[in-house]
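Novice: Following this message is one structure expressed as structure tokens.
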Amino acid sequence: MKFIDLRSDTVTMPTAEMREAMANALVGDDVYQDDPTVNKLEEMAAEMVGMEAALFVPSGTFGNQLALFTHAKRGQEVIIGKNNHIVVHEVGASAVIAGVQLRTVDTDNGKMDPHVVEKSIRVDDIHEPETGLICVENAHSVGTVMSIDNLKAIKQVGEKHKIPVHMDGARIFNAATSLGVDVKEIANCADSVMFCLSKGLAAPVGSILAGEKNFIEKARKKRKLMGGGMRQVGILAAAGIIALEKMTLRLKEDHENAKYLADELSKISGINVIFGRLDIDMVFFEMREEIISSKNFVDKLFEKNIKINGIENGEYRFVTHVGVTRSDIDYVIKCIKDII
């Protein structure tokens, strides 16, 4: 039974080409750096984002937490937007793994003010933790993309105070598509960047952490400590190669479908689409519980073979991806009209 799954772009399935590549992948022991397919993926990934080296990791959360663990010392503080994924959706891992404190700052739909970032840096005081890292996110999980100028300004703050900047770039290729720039321009605004191969790019597993060679060498050892030495993982990396070679080139279609979905939803009485956060493949909207309860909305759509998440912080989020066609969107709109 086919479901239309709008919960996230993490639900994408590997393509037939990926499955064939996985079945035929040359493999070796990646902990010994003997896996030729992983080595190829890491070299390709580093080159694509303009970094010296890269490391294949199991997930985006793993990659972000590995970056914090590698950049910062225990007891240091990390400056980060209060609604960033590392804060909201990574189960407090920074306290457990890196042993760091998060100093959260207000954002404008994910965008941090460089002046606020600079003011948040701790002075050399016996009572205060040392600032060890600044974290940015692009594209942001609230559906927005940060400008190159904003990212550069924050990077300059980091350089001025000799503090590294890490970018949670889980959807960095979506950001590049939205801005119409080479992904290198975005990655160049940070000392390290994590990006996902499974969010919208259809690889079944995996993310990349990229940065300077010395940083990646340290991260490789800490990846082992975290249980991320995955041995003959070229079977997974083979799909990641296709994700980077081909799936990054079709993201514009997902963005266009998201805009189409937003336009059609906005025509339904009682639905308020948040058009100010429509930079990538995400559509956020509000609908009062008096119209239909969140649970009922989820259940009724599921009965029509449509999967969505329930309301969160007063908003619904629909995400388009390679598994959602324009005709699927038309069917979803029809079903919503029928239900409410």
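Computed from the coordinates by the stated procedures, all read-outs in this text should not be read as laboratory data. Being a predicted model, the structure only gives us computed values, none of them experimental. With ideal geometry, Cβ positions are generated from the backbone for all residues, glycine too; neighbour counts draw on all protein chains shown.
Novice: Calculate, in nm to one decimal, what THR104 and ARG326 gain on full extension: separation in residues at 0.36 nm each, minus their alpha carbon distance.
Specialist: Extra length available between THR104 and ARG326 comes to 76.0 nm.
Novice: Still on this structure, I have one more. Could you work out the helix-only [θ] at 222 nm for the chain, with each DSSP H run of four or more residues adding -39,500 (n - 2.57) and the total divided by the number of residues, to the nearest 500 deg cm²/dmol?
Specialist: Only helices count here, giving -12000 deg cm²/dmol.
Novice: Helix 294-303: angle to the longest alpha-carbon principal axis of the chain, degrees 0 to 90, nearest 10?
Specialist: Approximately 70 degrees, to the nearest ten.
Novice: Still on this structure: Which FRET efficiency value, to the nearest 0.05, is calculated for LEU249 and ILE126 with the Förster distance at 41 angstrom and r the Cβ-Cβ distance?
Specialist: Approximately 0.15, to the nearest 0.05.
Novice: Which pairs break 27 Å Cα to Cα here: LYS119/LYS213; LYS160/LYS246; LYS111/LYS259; LYS267/LYS295; LYS73/LYS119; LYS111/LYS246?
Specialist: Correct reply: LYS119/LYS213; LYS160/LYS246; LYS111/LYS246.
Novice: So how do 264-275, 241-252 stack up, highest first, on mean other-Cβ count within 10 Å?
Specialist: 241-252, 264-275
Novice: Compute the distance in nm between two label points, each set 7 Å from the Cα along the Cα-to-Cβ direction, one at LYS267 and one at PHE3.
Specialist: A separation of 2.8 nm, rounded to one decimal place.
Novice: Suppose every Lys and Arg Cβ carries +1 and every Asp and Glu Cβ carries -1, with no other charges. What dipole size does the chain come out with about its Cα centre, to the nearest 20 debye?
Specialist: Dipole about the Cα centre, nearest 20: 440 debye.
Novice: Computed FRET efficiency, Cβ-Cβ of ILE339 and LYS184, R0 51 Å: what is it to the nearest 0.05?
Specialist: According to the calculation, E is roughly 0.70.
Novice: Okay, moving on. Tell me the angle of helix 251-266 to the major Cα principal axis of the chain, expressed in degrees between 0 and 90 and rounded to the nearest ten.
Specialist: So the helix axis and the longest Cα principal axis differ by about 40 degrees.
Novice: Using the Karplus curve 6.51 cos²θ - 1.76 cosθ + 1.60 with θ = phi - 60°, work out ³J(HN,Hα) for each residue of region 20-36 in order, rounded to whole Hz, and write x for Gly and Pro.
Specialist: 5, 5, 5, 5, 9, 5, 6, 10, x, 8, 5, 4, 7, 6, 9, 8, x
Novice: Measure nothing fancy, just the Cα-based angle from helix 234-245's long axis to the longest principal axis of the chain, in degrees from 0 to 90, nearest 10.
Specialist: For helix 234-245, the angle is close to 70 degrees.
Novice: Return the subset of LYS184/LYS307; LYS40/LYS222; LYS162/LYS224 for which the Cα-Cα distance in this structure is over 30 Å, preserving the input order.
Specialist: LYS184/LYS307
Novice: What is the spin-label model distance, in nm, from ALA95 to MET13 if the labels are put 7 Å beyond Cα along the C-beta direction?
Specialist: 4.0 nm
Novice: Could I ask something else about it? Between ILE291 and TYR260, what is 0.36 nm times their sequence separation minus the Cα-Cα distance? Round to one decimal in nm.
Specialist: Details: separation 31, 0.36 × 31 = 11.16 nm, distance 2.31 nm.
In short, 8.9 nm is gained.
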